[in-house]
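Below is one structure, written out as structure tokens; the observations come after it.
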Amino acid sequence: MAAEGNATFALRYVVPGVVASILIVLGSLGVGWLPLDSGLNSWPLVEALRGTTLGSVVSKVAVQLGVVLLLQSRLVLGYGVMHTSVDSLRRLWWTLVAWAAPLTLCFPLFSRDVYSYFAQGKLLLQGLDPYTSGVVEVPGWFGTGADPLWGESPAPYGPLFLLLERGVAAFSPNNPLLGAYVFRLIALIGVFLIAWGVPRLAWFHGIDQAKAFWVVALNPLVLMHFVIGVHNDALMVGLIVAGFVLALADKPALAVVVIAMGSAVKPIGLLALPFIGIIWAGQRAGFWDRVSKWVLTAIIGALTFVGLGLISQTGLGWLGALATPGKVRTWLSPPTALGMLTGQLSHWLGLASVDTMVAVFRVLGQLIALGIVAWLLLRPVGRPATRAAGMAFMVIVFLGPVVQPWYLLWGLPLLVVAGLSRAELRVVLFGSAGFTMYGIATSSSTQDTLFAISDGIALLVVAAIIIVLVLTSPRERRLLMGAPGDLGLVPETPAAQERAALQVVLGRAQPPATVGPGQRLDREE
């Protein structure tokens, strides 16, 4: 394309996001998480921003304005991608690089889990098992920046990530902040795999690559929680996406190994493996054909996991640590929210405690989620296995005991690349915007005593901001609300429809599937 066109694209779409990222980086100097013993605390600018109320206010406002501007930039770009001529995947790649580059310098925000990763690595260097020992056993652990909430909790991560934790702690034994930046590099590998894999998976399913890339890779949640927040979920999701690319490229055994490695970062990734078995069995496989591939998948996955466990010398201790995140209670989790509401009522009536009702509803939610996942596996006909895997992750998230904003990204890439109806796309766009605003409204990135607000007030703030966005901008209103001519993310050409049809599981007795514009990929047997 002409240089003038590139300059116009950069000014209209790229520069606002870069400005947003720079604002976030500057704000992080005052309210980002820093280890207590970090030498950066004595830098004049950092000390001025962190040591005064005015500095804290300015820093937090900079972070919040930066995130809002980043969301706004994403929506403006989205209108171009979805409704005009912005269809260059290369330009979108460069946009992602430009937006993310400043954020690589950011102090950790929105979470300090990265310092817990570092402290767990120190545990391993001392010969202690993080599945049975909390980071409080690390001398000076509090000064490393680790959150006291998880001080005595076992690590809920798999053996591959424990190896990475040990390696980072060995590389930077006395500098937790340097360790945090190394973990960010690891998270960026995950982001790269997501950005690399999403367009490829979209092509297999007949979905426009640029649109899928915008919905997933340029999602503010990816930048907030994978790049800035340094969550290890980035590597897990990246490996899962890469595994599905390999499976659809007729390399299912390698796909199982790659996804097992992702599961060895966070064990929730194991949920993806049986859906690889469905792809491996083939579009017209019968039930027992799928069972045989599930057995092979389980064997390869188990060998990979056991091998990594032997290397890390931690075995299967992660099984007992899976409940660690459940210590948190959030209104974002429907079962937990229902448990807290009914628990308060039953407490007033003298029937049961809040703790009891929360536990009851969490168990019910998990049982329902397992039932839905079983249905997706045992009755796969009528939908792509990729879509079914995305649905399974979403069910596990929203019926699970804890929902964090970045959990949405576990299943989002797989859902998007398999196609979304107009209504589903609207839910994804509103959900991404809502979780983005919720992340800063309840920002644990900032000093806990400054502008602290409850979940309920945060949700009202989120709703108000999104309503303002929708009412003040016709383009964003159309993007978020849709218009009569919008079809969602569906195959748009005969060739795309043919590729999409090849991904729909048919079973032995089913006729060939056809997928046209606006038609759902799901259908009953």
Footprinting exposure proxy for Leu270, Leu103 (fewest neighbouring C-beta atoms within 10 Å first)
Leu270, Leu103
What does the highest-first list of 337-350, 280-293 look like by mean Cβ count within 10 Å?
280-293, 337-350
In whole angstrom, note down how far apart the Cα centers of segment 82-104 and segment 335-354 are.
47
Relative to the present Cα-Cα distance, how much length would full extension add between Leu125 and Ile368 at 0.36 nm per residue of separation?
83.4 nm
Once the in-chain neighbours fewer than 8 apart are removed, the lysines whose Cα is under 28 Å from Lys122 read Lys266, Lys327
Convert each backbone phi in segment 203-219 into a coupling constant with the Karplus relation 6.51 cos²θ - 1.76 cosθ + 1.60 (shift: θ = phi - 60°), then list the ³J(HN,Hα) values in order as whole Hz, x for Gly and Pro.
4, 4, 9, x, 9, 4, 5, 5, 5, 5, 4, 5, 4, 9, 5, 9, 6
Expressed in angstrom and rounded, the centroid-to-centroid distance over alpha carbons for segment 269-307 and segment 180-230 is 25
Nearest-0.05 FRET efficiency for Glu152 and Asn174, computed from C-beta distance (R0 25 Å)
0.60
What does the net charge come to around Ala247 if you take all other residues with beta carbon closer than 13 Å to its beta carbon, with K and R at +1 and D and E at -1?
+2
Enter the Cα centre distance for the pair segment 373-405 and segment 13-57, rounded to the nearest angstrom.
39
Which loop GluC sites (Glu not before Pro) in segment 125-169, with loop taken from DSSP, have no more than 11 other Cβ atoms within 10 angstrom of their Cβ?
Glu152
Taking 0.36 nm per residue of separation between Arg422 and Ala48 and subtracting their Cα-Cα distance, the length gained on full extension comes to 129.8 nm
Computed from the beta carbon distance with a Förster radius of 41 Å, FRET efficiency for Trp196 and Leu351 to the nearest 0.05 stands at 0.15
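Taken together, the values in this text are just the output of simple stated rules run on the coordinates, not laboratory data. Fair warning: this is a prediction, and the values are worked out from it, not measured in the lab. All Cβ positions, even for glycine, are placed from backbone atoms using ideal geometry, and neighbour counts span all protein chains on display.
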